[in-house]
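Notes follow the structure.
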Amino acid sequence: MELVGFLWSSSICLLAVLLIQFLRGGKARNSSGQLPPGPRGWPLVGNLFDLGEVPHQALLDLKEKYGPVMMLKFGAMNTVIIQSSKAAMEMFKNHDLTYSGRTITDAMTACKYHEGSLAVAQYGPYWRTVKRLCITALTINKRVNETISLRRKSIDKMIQWIEEGAKTQGGVQVGHYVFLMNFNLLGNLMMSRDLIDPQSNEGPEFLKAMDKIMILAGQPNVANYFPFLKWLDPQRIRKKMDEALGQGLRIVTGFLKERIENQKLGEGEGQAKISDKNAVSLMLEMFFGGTETTTSTIEWAMTELLRSPETMNKVRRELADVVGPNRRLEESDIEKLHYLQAVVKETLRLHPAIPFLIPRRAVKDNIFMGYHIPKDTQVLVNAWAIGRDQDSWDDPLSFKPERFVASDIDYKGQHFEFIPFGAGRRICPDTIDMKERMGITLRKNVPLKALPKKRSVHYGIN
């Protein structure tokens, strides 16, 4: 009975403290200037119930009533939602530095991952050093041109695996094989060797760990909304993330052990030094960025093509015209495959890999489009909603690659109606199930399973 009484009295005290904080927050809201409009929240929890099961869809539904710039309160956390190209342009062009901070979620502190991350690092010397390293190592033109043969080898192996899988399984999970291909491609770029294959023990283990990490990173966590609960970890999200992230870091450490021993990353004049531990975290993040998001995009593209036979036939005809029947597709052909490029862009418009991009944080009080935005406010750019905005796109819910064929709209952060990778200084270096699964990236709820069919020549598959 004493224990019950203690718990009951503790609960009453906790609710009282929360109510006082909420009322103080409301008073500050009214006295700091005009904040963006938004739905009235509940005591204590604010607008958490407005998020629904699929937050990027639920928030888009609120746009008609409250406009493209909304303010919501998730527990103790102020959050601004950007849901139009005009508001996104204002933010990225005129307030980019003001919103250059990151909100570090409780899950991202597991294994001190946030200390080595590029994605969630605060803007400053370490972030600039790591970004420079990533650009130098993976994305400069010279490096891209030097690694064509590595990409060709990884794709050839993927085709071989798909053929073998089709013989034994019939239909194959497209995303699984694309993931393996991308993982080995990054392994070849960073370690000069394949890292996994469909039969390896490390492959399924790493896949499982990565899947858990991505889901946990995107799972709503009460500790993020009420920071004083972080020590309690009431949903055990950090504990689960410690396990999953620890497993992923151990696998990557094994892959990179020789490289770490022989080469210290990030050392140089004017650069922040990157420790061995942070280097491992950074490499794991490269695998996340280069596998999960790419796999998601390709899986969605294949899904849309299978749902639209007419569009699929246009892609096939273009491949036949440019590549022909007697050779395989090479990277040098891609610049001539205008319709295929349009298919990729249309996929990214409708299915951005990270629907809210990576949340930003206001580093100081500021005025945005006439509204007062307090310091430390979280900012979510709903790229998913912007890609479906009827003010920017004709027939926005339809998959129509033709809209990009004669257009110069690109995803490099200069066209704010199309920002699947963000913009500004923190831009990223029916019968078929069309539901989405929420994690930190947007995946299909049910993985695409397709029947591969070999072309008339042996160079590839349809």
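The values are calculated or read from the model by the stated rules, or taken from the named source; none is laboratory data. No experiment lies behind these values; they were computed from the predicted model shown. Every residue, glycine among them, receives a Cβ derived from its backbone with ideal geometry; neighbour counts consider all protein chains shown.
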Members of the range 85-107 found to be small (Gly, Ala, Ser) and crowded, with 21+ Cβ neighbours inside 10 Å, listed by number: Ala87, Ala88, Gly101, Ala107
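Yes/no matrix, rows are residues, columns are (1) closer than 19 Å to Gln34 by Cα; (2) part of a helix (DSSP H, G or I); (3) outside the structural domain of Arg250 (by TED's automatic domain parsing):
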residue: Lys63; (1), (2), (3): yes, yes, yes
residue: Leu72; (1), (2), (3): yes, no, yes
residue: Asn78; (1), (2), (3): yes, no, yes
residue: Ile81; (1), (2), (3): yes, no, yes
residue: Lys86; (1), (2), (3): no, yes, yes
residue: Lys93; (1), (2), (3): no, yes, yes
residue: Tyr113; (1), (2), (3): no, yes, no
residue: Ser117; (1), (2), (3): no, no, no
Residue within the range 126-139 that is among the polar types (S, T, N, Q), in the same structural domain as Val252 (by TED's automatic domain parsing) and crowded, with 19+ Cβ neighbours inside 10 Å present: yes
So Asp389, is it of a type in the set (D, E, K, R) and in contact with a Ser or Thr (Cβ under 8 Å, 6 or more places away or on another chain): yes
Hey, Thr311 part of a helix (DSSP H, G or I), out of contact with any strand residue (DSSP E or B) (no Cβ under 8 Å at 6 or more places or on another chain), of a type in the set (Ser, Thr, Tyr) and more than 22 Å from Ala209 (Cβ to Cβ) or not: yes
Any hit, the range 186-209, residues being surrounded by fewer than 15 Cβ atoms within 10 Å (Cβ to Cβ), modelled with pLDDT of 80 or more, assigned to a helix (DSSP H, G or I) and not assigned by TED's automatic domain parsing to the domain that holds Ala353: yes
Residue among Leu350, Leu337 that alone is in contact with an Asp or Glu (Cβ under 8 Å, 6 or more places away or on another chain), of a type in the set (A, V, I, L, M) and either assigned by TED's automatic domain parsing to the domain that holds Ala119 or over 30 Å from Leu51 (Cβ atoms) (or both): Leu337
Gln173 of a type in the set (S, T, N, Q), farther than 17 Å from Leu282 by Cα and modelled with pLDDT of 85 or more: yes
Criterion violated by Leu357 - all others in (1) assigned to a strand (DSSP E or B); (2) buried (at least 22 other Cβ atoms within 10 Å of the Cβ) satisfied: (1)
Selected residue (criterion: farthest from Phe416 (Cα to Cα)) from residues of the range 66-113 that are basic (Lys, Arg) and touching a strand residue (DSSP E or B) at 6+ places or on another chain (Cβ under 7 Å): Lys73
Qualifying residue in the range 226-242 (condition: among the aromatic types (Phe, Trp, Tyr), part of a helix (DSSP H, G or I) and at pLDDT 90 or above): yes
Residues that are part of a strand (DSSP E or B) and among the basic types (Lys, Arg), drawn from the range 370-425: none
Verdict on Gly67 being at pLDDT 95 or above, closer than 30 Å to Lys240 by Cβ and of a type outside the set (Ser, Thr, Tyr): no
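Out of Phe416, Phe421, Phe399, I need the residue that is hydrophobic (A, V, I, L, M, F, W, C), at pLDDT 95 or above and within 19 Å of the chain's Cα centre (by Cα). Which one?
Just one listed residue meets the conditions, Phe416.
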